[in-house]
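Notes follow once the structure below has been shown.
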Amino acid sequence: LSRFMTEGAKAPFTDSATALSLSNRLAAGEKLARGTFRRYQVVELEASGLFGPVQVDADLGYSPSRLFVDSKLNPAFHPLYTGAFTVSDARGTDLTLALSAVLVYISGIPQGEQLLLVDLRGAEVAAHDTYGGAFVGLVGYKLLEGRLELEGRAFFDPRQFSRALGAKGQYNVNDHVHLTLGGEYYGGPQVSPLGYFRRNDNLYVELKLDL
């Protein structure tokens, strides 16, 4: 049935009678298979406050079952708790400053399973819960009456010491033409959240036309 649904009735089946029967039943509108896909809701709570020149944002989330990948590249579903907290400059000047902390907590991981990019090496020896987190910093500045925009970003995972840096400068020739030059760097252990991308260091040039 799986091959019939993916390749169609003209596929070279060894049992042509069965293929013909499936084709006739499908043409008659008969249900050939039945399955259930469970949907899980995500509960999220957001809060934001302005304290003088500083804006504080907090986001909390929970899902009873989220998809992860284990060290053998098999799918794994576990409850996930998340939290994100951001402090940013709210003065509305040419200077942009923001600092965020992101936390994740994953529970119910059975013995023999190690989550890729999240668990530490050897975690699979016993049933366990795991966690991860990162700090994210952003600095931006506008020059030449907003025509030149500079931005720098830094990511740091203190648990596995993975990190990433990014910087770009965008020159707005006019309202329709924008030229950007930037680069990204990734580092850390190979199976860490940011070290996994360490072969993706890059420099790039982008020309954007808004017609």
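Name the residues in segment 124-140 that are more than 20 Å from the chain's Cα centre (by Cα) and more than 15 Å from ALA154 (Cβ to Cβ), would you?
Within segment 124-140, GLU124, VAL125, ALA126, ALA127, HIS128, ASP129 meet the criteria.
Starting from residues that are among the small types (Gly, Ala, Ser) and out of contact with any Ser or Thr (no Cβ under 8 Å at 6 or more places or on another chain), keep the ones in segment 176-204 and report whichever is farthest from ARG163 (Cα to Cα).
Restricting to residues being among the small types (Gly, Ala, Ser) and out of contact with any Ser or Thr (no Cβ under 8 Å at 6 or more places or on another chain), the top hit is GLY182.
Of everything in segment 41-61, what is over 23 Å from PRO79 (Cα atoms) and of a type in the set (D, E, K, R)? Give them in sequence order.
ASP57
What pairs come out if I take residues in segment 153-168 that are of a type in the set (Lys, Arg) and pair them with residues that are in a loop (DSSP other than H, G, I, E, B) and open to solvent by 70 Å² or more (accessible area, probe 1.4 Å) whose C-beta lies under 9 Å away, six or more apart or interchain?
Partner pairs satisfying both residue conditions: ARG159/LEU120.
If only one of GLU124, GLU151, GLU113 is in a helix (DSSP H, G or I) and either out of contact with any strand residue (DSSP E or B) (no Cβ under 6 Å at 6 or more places or on another chain) or not polar (S, T, N, Q) (or both), which one is it?
GLU124
Could you please give the count of residues in segment 36-95 that are within 26 Å of GLU124 (Cβ to Cβ), touching a residue at least 12 places away in the same chain (Cβ under 8 Å) and either outside any strand (DSSP E or B) or of a type in the set (Ser, Thr, Tyr) (or both)?
Residues that pass the stated criteria total 9.
Suppose we keep only residues that are aliphatic (A, V, I, L, M) and closer than 22 Å to LEU95 by Cβ within segment 119-164. Which one would you say is most open to solvent (accessible area, probe 1.4 Å)?
For segment 119-164, the residue satisfying everything is LEU144.
Scan segment 165-178 for residues that are touching a Lys or Arg at 6+ places or on another chain (Cβ under 8 Å) and surrounded by 14 or more Cβ atoms within 10 Å (Cβ to Cβ) and jot them down.
Scanning segment 165-178 gives LEU165, GLY166, ALA167, TYR171, ASN172, HIS178.
Looking at (1) farther than 25 Å from LEU181 by Cα; (2) open to solvent by less than 50 Å² (accessible area, probe 1.4 Å), which is the one condition that is false for TYR105?
(2)
For TYR186, state whether it is under 30 Å from VAL69 (Cβ atoms) and either at pLDDT 95 or above or touching a Pro at 6+ places or on another chain (Cβ under 7 Å) (or both).
So TYR186 fits the description; yes.
The values are calculated or read from the model by the stated rules, or taken from the named source; none is laboratory data. Predicted model only: the values in this text are computed from it and were never measured. Glycine gets a Cβ as well: all are built from the backbone with ideal geometry, and neighbour counts include every protein chain shown. We work out accessible area using only protein heavy atoms, side chains counted, and drop any ligands, DNA or RNA first. Shrake-Rupley method; radii C 1.70, N 1.55, O 1.52, S 1.80 Å.
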